[in-house]
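Asker: Submitted below is the structure of interest, expressed as structure tokens.
The values are calculated or read from the model by the stated rules, or taken from the named source; none is laboratory data. Just so it is clear, the structure is predicted and the values come from calculations on it, not from any experiment. We place every Cβ from the backbone using ideal geometry, glycine too, and count neighbours over all the protein chains shown. These area figures cover heavy atoms from the full protein model, side chains too; ligands, DNA and RNA do not enter into them. Shrake-Rupley method; radii C 1.70, N 1.55, O 1.52, S 1.80 Å.
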Amino acid sequence: ATFFAPYLAGLAVIGIIYGALVAMVQPDMKKLVAYSSVSHLGFVVLGIAAMNTQGVSGAVYQMLNHGVSTGGLFLVVGMLSDRRHTRLISEYGGLKKITPRLVAVFLIITLSSIGLPGLNGFVGEFLILLGAFRWNPKMATFAATGVILSATYMLWMFQRVNYGAVTNEKNASLSDLGPREWFVVAPVVAAAVLMGVVPNLFLRPIEPSVERLIEQVQQRAAEF
């Protein structure tokens, strides 16, 4: 296990950076979110490769976070696609004036995805990078560039879709969030905030299993 860990971490770091760079050039919102998913799951692999309490706990937490953040982003993109029947970033612009509630939800989920402190993404990524740094500072440093790239492509996409002038007439008559949509996105936003503010609610039950796993891996490594 310890022999393969650096190679696994190397692949994880490549995945983090490559996924982020490919996400940055996507013209389609759904594809951008999909490639961001590749990048974020690279962090999970890095946490597992570190094989210490922080790294593995962070990896498990990040898997939960990923379901909330990326699931939320796909929901928002789906809502926009449902209204306009297109997912191209260039087709949008200036939505902040037309659908302020939808944009507010979009912003919270975007910030949770890029790991803003106080939201779920921060806790997972911080624990993973902490665990990775304790194990291999060089790997952690390379992986940290993924956090910067993540903020770049997500905020750039958010800005192009929601800010500026309404250049496309079809966007001027879009409806804001309806009751059915609120019913779907409100729990996602609540989960993102709850997991960011009180992470121990989730981390405490995770820890015993993580400790047991690390113990077993270390025993097997000692046998070899």
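Asker: Which residue out of ILE148, ILE108 is without any contact (Cβ under 8 Å) to a residue 24 or more places away in the chain and either of a type in the set (A, V, I, L, M) or surrounded by 15 or more Cβ atoms within 10 Å (Cβ to Cβ) (or both)? If you could, list the steps in order and put the result at the bottom.
Answerer: Values: ILE108 fails: without any contact (Cβ under 8 Å) to a residue 24 or more places away in the chain.
Within the list ILE148, ILE108, the selection yields ILE148.
Asker: Which of the residues spanning the range 135-145 are touching a Gly at 6+ places or on another chain (Cβ under 8 Å) and open to solvent by 30 Å² or more (accessible area, probe 1.4 Å)?
Answerer: First, the residues of the range 135-145 that are touching a Gly at 6+ places or on another chain (Cβ under 8 Å): 135, 139, 143.
Answer for the range 135-145, where residues must be touching a Gly at 6+ places or on another chain (Cβ under 8 Å) and open to solvent by 30 Å² or more (accessible area, probe 1.4 Å): TRP135, MET139.
Asker: Quick test for you: out of PHE133, PHE202, PHE142, pick the one residue that is aromatic (Phe, Trp, Tyr) and free of Cβ contacts under 8 Å to residues at least 40 places away in the same chain. Outline the logic, then answer.
Answerer: Values: PHE202 fails: free of Cβ contacts under 8 Å to residues at least 40 places away in the same chain; PHE142 fails: free of Cβ contacts under 8 Å to residues at least 40 places away in the same chain.
None of the other options fit; the residue is PHE133.
Asker: Same structure again: Restricting to the range 24-50, and then to whatever is touching a strand residue (DSSP E or B) at 6+ places or on another chain (Cβ under 8 Å) and of a type outside the set (Asp, Glu), can you tell me which residue is least open to solvent (accessible area, probe 1.4 Å)? Break it down into steps so the answer makes sense when it comes.
Answerer: From the range 24-50, those touching a strand residue (DSSP E or B) at 6+ places or on another chain (Cβ under 8 Å) are 27-29; that's our starting set.
Filter again for of a type outside the set (Asp, Glu), leaving 27, 29.
Details: PRO27: 76, MET29: 0 Å².
By that ranking, first place goes to MET29.
Asker: In the range 37-60, what residues are part of a helix (DSSP H, G or I) and either free of Cβ contacts under 8 Å to residues at least 24 places away in the same chain or among the polar types (S, T, N, Q) (or both)? Outline the logic, then answer.
Answerer: We begin by selecting, within the range 37-60, every residue part of a helix (DSSP H, G or I); these are 37-50, 53-60.
Hits for the range 37-60 are SER37, VAL38, SER39, THR53, GLN54, SER57.
Asker: Next question, about the same structure. Taking the stated definitions as given, is GLY93 under 22 Å from PHE43 (Cα atoms) and open to solvent by less than 30 Å² (accessible area, probe 1.4 Å)? Explain how you work it out, then say what you get.
Answerer: Numbers: under 22 Å from PHE43 (Cα atoms): no; open to solvent by less than 30 Å² (accessible area, probe 1.4 Å): yes.
So GLY93 does not fit the description; no.
Asker: Further, regarding this structure: Scan the range 73-130 for residues that are over 12 Å from the mean Cα position of the chain (by Cα) and on the phi > 0 side of the Ramachandran plot and jot them down.
Answerer: Answer for the range 73-130, where residues must be over 12 Å from the mean Cα position of the chain (by Cα) and on the phi > 0 side of the Ramachandran plot: HIS85, GLY93, GLY94, GLY118.
Asker: Does LEU21 satisfy the criteria of being surrounded by 23 or more Cβ atoms within 10 Å (Cβ to Cβ), at pLDDT 95 or above and of a type in the set (A, V, I, L, M, F, W, C)? Talk me through it step by step, then tell me what you get.
Answerer: Numbers: surrounded by 23 or more Cβ atoms within 10 Å (Cβ to Cβ): no; at pLDDT 95 or above: yes; of a type in the set (A, V, I, L, M, F, W, C): yes.
Spelling it out, it is not the case that LEU21 is surrounded by 23 or more Cβ atoms within 10 Å (Cβ to Cβ), at pLDDT 95 or above and of a type in the set (A, V, I, L, M, F, W, C).
Asker: From the set of residues in the range 168-224 that are among the aromatic types (Phe, Trp, Tyr) and closer than 19 Å to ILE48 by Cβ, which is farthest from the chain's Cα centre (by Cα)? Spell out how you get there, then give the answer.
Answerer: Step one: of the range 168-224, the residues among the aromatic types (Phe, Trp, Tyr) are 182-183, 202, 224.
Of the ones still in play, those that are also closer than 19 Å to ILE48 by Cβ are 202, 224.
On the way: PHE202: 17, PHE224: 36 Å.
Ranking the candidates gives PHE224 first.
Asker: Are there any pairs, at least 6 apart or on different chains, whose C-beta atoms fall under 7 Å, with the first in the range 155-173 and surrounded by fewer than 14 Cβ atoms within 10 Å (Cβ to Cβ) and the second outside any helix (DSSP H, G or I) and of a type outside the set (Gly, Ala, Ser), and if so, which?
Answerer: ALA172/VAL166
Asker: Give the residue, chosen from ARG220, ARG204, that is at pLDDT 90 or above and either among the small types (Gly, Ala, Ser) or open to solvent by 80 Å² or more (accessible area, probe 1.4 Å) (or both). It would help to see each step written out before you state the result.
Answerer: Working: ARG220 fails: at pLDDT 90 or above.
Just one listed residue meets the conditions, ARG204.
Asker: Kindly indicate whether SER175 is touching a Lys or Arg at 6+ places or on another chain (Cβ under 8 Å) and of a type in the set (Gly, Ala, Ser).
Answerer: Working: touching a Lys or Arg at 6+ places or on another chain (Cβ under 8 Å): yes; of a type in the set (Gly, Ala, Ser): yes.
Against the criterion (touching a Lys or Arg at 6+ places or on another chain (Cβ under 8 Å) and of a type in the set (Gly, Ala, Ser)), SER175 qualifies.
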